Amino acid sequence: MRRAATAVVAGGVALAVSPLFSSAQAAVPLPTISAKGAYLLERTTGAKKYGKAADIKREMASTTKVMTAAVVVNTPGVDLNRKVTISQTYRDYVTRTGASTADLKTGDKVTVRQLLHGLMLPSGCDAAYALADTFGVGSTQAARTKQFIGQMNAKAAALGMTNTKFDSFDGISSTGNNYSTPRDLATLGSYALRGSTLRSVVAATKYVAPATTSTGGTRTYTWYNTNKLLGSYSGANGIKTGTGSTAGPCLIFSATRGDKTYVGVVLASTNVTERYKDAGKLLDFGFGSSTATTMKLRQLPEGAQRD
């Protein structure tokens, strides 16, 4: 079979234009990532951009707290300035489980807004306990936190997160029945960004919270966001880290450039640094950029929580 060619004359030189050239040659290759599971969606349309083991259930560690926060801020009539008194039980829980903490002090009065920052920036399990205890329904702490977890599962069902189950308000699971999938968590991340409150919380690299002590004085909490993608990848604006012995390093992330916002998830990455590299590669794939190749991660101050 003869192959036709078109001759184009430019400056007296005949250029052969091959009819075999196709858009496939210009296609951006799929990124290679270390995480066992991943997903990337374009937030406006909800369209899938990338998926790897997208519907395989895995433990999700502290990315659980995105649902904790979402339930709180979407509670009808929620008062973000409502003051919550910190119970010794919250501190004892952190000590007993070796959990990440906002280092909330017993007797301090902090607002719901402040607790949301303590939950999402330093990944405070004490803040998670305080919110579950405050927004759950029941006559005891155990009853209230159980009912709050029920609210988390109801919200997951309403969002169509059919492969997700919560047995914890913070990701510390005693039964192993706290799991999700990359696709479901991307849905959750997209939902969390709908309201201005959570968008502001998850985008902050630092938050200073003055609280009233039990004696009427003032204590100032300073929290740094464990999500190192913020301030490292151009356009990054969320959402939440997670690390667990079974779950491995996890991340729900988001970034906006121009009129495009991508929300993504990596689960069970090989290490805490690789999860950011994975996220950067996925975002580059979405935006058609190469930012991740030169990305330098923001460093956390000494003594700041890691997650």
Legend entry - Conditions (1) part of a loop (DSSP other than H, G, I, E, B); (2) within 26 Å of R194 (Cβ to Cβ); (3) free of Cβ contacts under 8 Å to residues at least 24 places away in the same chain: number failed by G216: (2)
Inset, instruction - Could you please find all residues in the range 259-299 being aromatic (F, W, Y) and crowded, with 24+ Cβ neighbours inside 10 Å? - result: Y262, Y276
Inset, instruction - Identify all residues within the range 45-74 that are more than 26 Å from N177 (Cβ to Cβ) and out of contact with any strand residue (DSSP E or B) (no Cβ under 7 Å at 6 or more places or on another chain); write none if there are none. - result: T45, G46
Legend entry - Candidate set from the range 103-144 (those that are hydroxyl-bearing (S, T, Y) and surrounded by fewer than 21 Cβ atoms within 10 Å (Cβ to Cβ)); member that is farthest from L251 (Cα to Cα): S139
Legend entry - Residue count for the range 268-307, restricted to those that are of a type in the set (D, E, K, R) and in a helix (DSSP H, G or I): 6
Legend entry - Counted residues, the range 163-181 - those being farther than 13 Å from K65 by Cβ, under 15 Å from the mean Cα position of the chain (by Cα) and either among the acidic types (D, E) or part of a loop (DSSP other than H, G, I, E, B) (or both): 1
Inset, instruction - Kindly indicate whether S139 is within 17 Å of the chain's Cα centre (by Cα) and farther than 21 Å from T212 by Cα. - result: no
Inset, instruction - Working carefully through the options G238, G248, find the one that is in contact (Cβ under 8 Å) with a residue 60 or more places away in the chain, under 26 Å from E59 (Cβ atoms) and crowded, with 16+ Cβ neighbours inside 10 Å. - result: G248
Inset, instruction - Name the single residue, out of those in the range 219-252 being among the hydrophobic types (A, V, I, L, M, F, W, C) and more than 11 Å from the chain's Cα centre (by Cα), that is farthest from R194 (Cα to Cα). - result: A247
Legend entry - Output for the range 66-83, where each listed residue is touching a Leu at 6+ places or on another chain (Cβ under 8 Å) and over 21 Å from K109 (Cα atoms): V66, M67, A70
Legend entry - the range 109-144: number of residues that are over 30 Å from N237 (Cα atoms) and either touching a strand residue (DSSP E or B) at 6+ places or on another chain (Cβ under 8 Å) or of a type in the set (V, I, T) (or both): 2
Legend entry - Test: N227 is surrounded by 18 or more Cβ atoms within 10 Å (Cβ to Cβ), part of a loop (DSSP other than H, G, I, E, B) and touching a residue at least 24 places away in the same chain (Cβ under 8 Å): yes
Inset, instruction - Please specify each residue of the range 48-90 satisfying the condition of being of a type in the set (S, T, N, Q) and either under 16 Å from the mean Cα position of the chain (by Cα) or in a strand (DSSP E or B) (or both). - result: S62, T63, T64, T68, T85
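Coordinate-derived values only; no laboratory data. Remember, predicted model here, so these are calculated numbers, not experimental data. Positions of Cβ are generated from backbone atoms using ideal geometry, with glycine treated the same way; all protein chains shown enter the neighbour counts.
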